[in-house]
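Visitor: Supplied in structure tokens, the structure appears directly below.
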Amino acid sequence: MDNPIAGDDFSYLSGFGNHHSSEALAGALPAGQNSPLICPFGLYAEQISGTSFTSPRNRNLFSWFYRIKPSVTHQPFQPRVPSNRRIFSEFNNSNSSANPTQLRWKPMDAPDSPTDFIDGLSTICGSGSSFMRHGYAIHMYAANKSMENCAFCNADGDFLIVPQQGRLLITTECGRLKVSPGEIAILPQGFRFSVNLLDSPSRGYVAEIFGTHFQLPDLGPIGANGLAAPRDFLVPTAWFENKSYPGYTIVQKFGGELFSAVQDFSPFNVVAWHGNYFPYKYDLSKFCPYNTVLFDHSDPSINTVLTAPTEKPGVALLDFVIFPPRWLVAEHTFRPPYYHRNCMSEFMGLIHGGYEAKADGFLPGGASLHNCMTPHGPDTKSYEATIVRGNDIGPSKITETMAFMFESSLIPRISQWALESPFLDQDYYQCWIGLKSHFTVTETCPENQP
């Protein structure tokens, strides 16, 4: 069994992609086989598979649970009442729109009525289909109460949760994760989990991917070290509860719709487990950023924390990129992000602080979307402030900030809710209107140019 490490009142296992094992009762893990006729303590053996059985071994994801009752012990699933009509995972003309305009949203307000994580989710944009096992969705959440007597299971894909306000206690079948703003949590497809709010209200962002899983990006010429270190990813240790829960509800997201099934026990009854398919969390402050040290501005891909690849090399279904505190030292260089049109689509959020390319309007808890080939870049105030400082400004450090980007090769459609939301910034385009021409013609201009 792995040796756990301590952290935020819980113990964790360390390492990305490792085959871990954990037991809440000594001796609960079977010795030498996965599914003996009689498991220790009379437990049931149950496997969860995150990939097909015949996936290549280096990409084959599965775990074995040893639980008090198997997860199959529940009443039939029924459409959940009430449902959450703001979330979906099939993107088409009936529920979302194509829109090339630069879009920005202000931070969401706390709900007016009691709202948990499930009912606080709202889909902003996405592409593809969970049924076709290819695509993604980007959601935001705002909640003011913990999930009570229920658990959530996402059968559609993996969740990457980015809390912006309020700490979360996420109970999973593998154990518990305490996740604070500045950390992320990954909840793989099929795991049952419950979200308790340690602070209320709470809000944040969620990226969901269909048909694949997150992995660490290749480092290429960077070498063996840098960016997100595998050892800094933390996995929960086994934790269980064994008590009756009459009317306990499993809420399952399936094809973007919510279904519920009732059972009389907690799904968090896994006494021991082992495998390489599990929830995990990561502290973004542990990221080791790289940057240019002489001139020009590095591409944002240099700050990729996790990637969900496609079959085409170097092209991501979804990248998770961050913009953490770092030194800027490039000489004779426009240091903020350059003006850009991108074949990829970029959704940005801000956890805390400010963002170097947007002096005004981009607030913690807010978001922006720059779709495929839509121009974007620093606003007028950021550009003018940078030019005024001139070339010889010396090294400077960006501090007290954490912005991030979900970047995808698929073009997202925007949900009707997001386009009609009172939080949509109708004046976003104004931040670039003030950019003026600095073009001048001098006597030193080459002869073949005007």
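The values are calculated or read from the model by the stated rules, or taken from the named source; none is laboratory data. Model, not experiment: these values are computed from the prediction. All Cβ positions, even for glycine, are placed from backbone atoms using ideal geometry, and neighbour counts span all protein chains on display. Quick note on the areas: whole protein, heavy atoms, side chains included, nothing else; ligands and nucleic acids left out. Shrake-Rupley method; radii C 1.70, N 1.55, O 1.52, S 1.80 Å.
Visitor: Among the residues that make up the stretch 97-110, is at least one of them of a type in the set (A, V, I, L, M, F, W, C), crowded, with 18+ Cβ neighbours inside 10 Å, at pLDDT 95 or above and in contact with a Gly (Cβ under 9 Å, 6 or more places away or on another chain)?
Guide: yes
Visitor: Which condition number in (1) surrounded by fewer than 16 Cβ atoms within 10 Å (Cβ to Cβ); (2) within 23 Å of V179 (Cβ to Cβ); (3) within 24 Å of the chain's Cα centre (by Cα) is the one that G275 fails?
Guide: (1) is the only condition that G275 fails.
Visitor: Right, something else. For a quick check of your reading: which strands (runs of 3 or more DSSP E) sit entirely within the stretch 280-374 and have at least 3 residues that are surrounded by fewer than 17 Cβ atoms within 10 Å (Cβ to Cβ)?
Guide: Answer list for the stretch 280-374: none.
Visitor: Using beta carbons and a limit of 9 Å, which pairs, at least six apart or on different chains, have the first residue in the stretch 234-261 and among the aromatic types (F, W, Y) and the second one loosely packed, with under 15 Cβ neighbours inside 10 Å and not in a loop (DSSP other than H, G, I, E, B)?
Guide: Filtered contacts from the stretch 234-261: Y245/D264; Y248/D264; F259/Q78; F259/P79.
Visitor: Could you list, ordered by first residue, the pairs with Cβ atoms under 9 Å in which the first is in the stretch 378-391 and outside the structural domain of H332 (by the TED database) and the second is part of a helix (DSSP H, G or I) and not acidic (D, E), at least 6 apart or interchain?
Guide: none
Visitor: Can you say whether P107 is in contact with a Leu (Cβ under 6 Å, 6 or more places away or on another chain) and on the phi < 0 side of the Ramachandran plot, as far as the supplied structure shows?
Guide: Criteria met by P107.
Visitor: For the stretch 167-187, enumerate the residues that are assigned to a loop (DSSP other than H, G, I, E, B) and open to solvent by 10 Å² or more (accessible area, probe 1.4 Å). I'd like the intermediate steps shown before the answer.
Guide: We begin by selecting, within the stretch 167-187, every residue assigned to a loop (DSSP other than H, G, I, E, B); these are 167, 173-174, 180, 182.
Matches in the stretch 167-187: R167, S180, G182.
Visitor: How many of the residues in the stretch 154-166 are open to solvent by 10 Å² or more (accessible area, probe 1.4 Å) and in a strand (DSSP E or B)?
Guide: Of the residues in that region, 2 qualify.
Visitor: Identify the residue in the stretch 383-420 that is open to solvent by 10 Å² or more (accessible area, probe 1.4 Å) and of a type in the set (G, A, S) and, among all such residues, is modelled with the highest pLDDT.
Guide: S409
Visitor: To continue, here is another question. Against the conditions (1) crowded, with 23+ Cβ neighbours inside 10 Å; (2) in a strand (DSSP E or B), where does F117 fall short? Just the number, please.
Guide: (2)
Visitor: Go through the stretch 224-243 and report how many residues are part of a strand (DSSP E or B) and under 22 Å from L169 (Cβ atoms).
Guide: Residues meeting the conditions: 4.
Visitor: Let me ask something additional. Six or more apart or on different chains, Cβ under 6 Å: which pairs go from a residue in the stretch 394-408 that's within 17 Å of L284 (Cα to Cα) to one that's of a type in the set (S, T, Y)? Could you list them?
Guide: Close Cβ pairs (under 6 Å, with a partner that is of a type in the set (S, T, Y)) amount to A403/Y355.
Visitor: Is there a residue in the stretch 91-112 that is touching a residue at least 12 places away in the same chain (Cβ under 8 Å), more than 30 Å from Y428 (Cα to Cα) and among the polar types (S, T, N, Q)?
Guide: no
Visitor: Exactly one condition in (1) of a type outside the set (V, I, T); (2) modelled with pLDDT under 95; (3) in the same structural domain as L168 (by the TED database) is not met by G314; state its number.
Guide: (3)
Visitor: Given the criterion within 23 Å of F268 (Cα to Cα) and either in a loop (DSSP other than H, G, I, E, B) or in contact (Cβ under 8 Å) with a residue 24 or more places away in the chain (or both), identify the matching residue among A137, A151, A142.
Guide: Values: A137 fails: within 23 Å of F268 (Cα to Cα); A142 fails: within 23 Å of F268 (Cα to Cα).
None of the other options fit; the residue is A151.
Visitor: Still on this model: Among the residues of the stretch 221-233, count how many are open to solvent by 50 Å² or more (accessible area, probe 1.4 Å) and touching a residue at least 60 places away in the same chain (Cβ under 8 Å).
Guide: Result for the stretch 221-233: 4.
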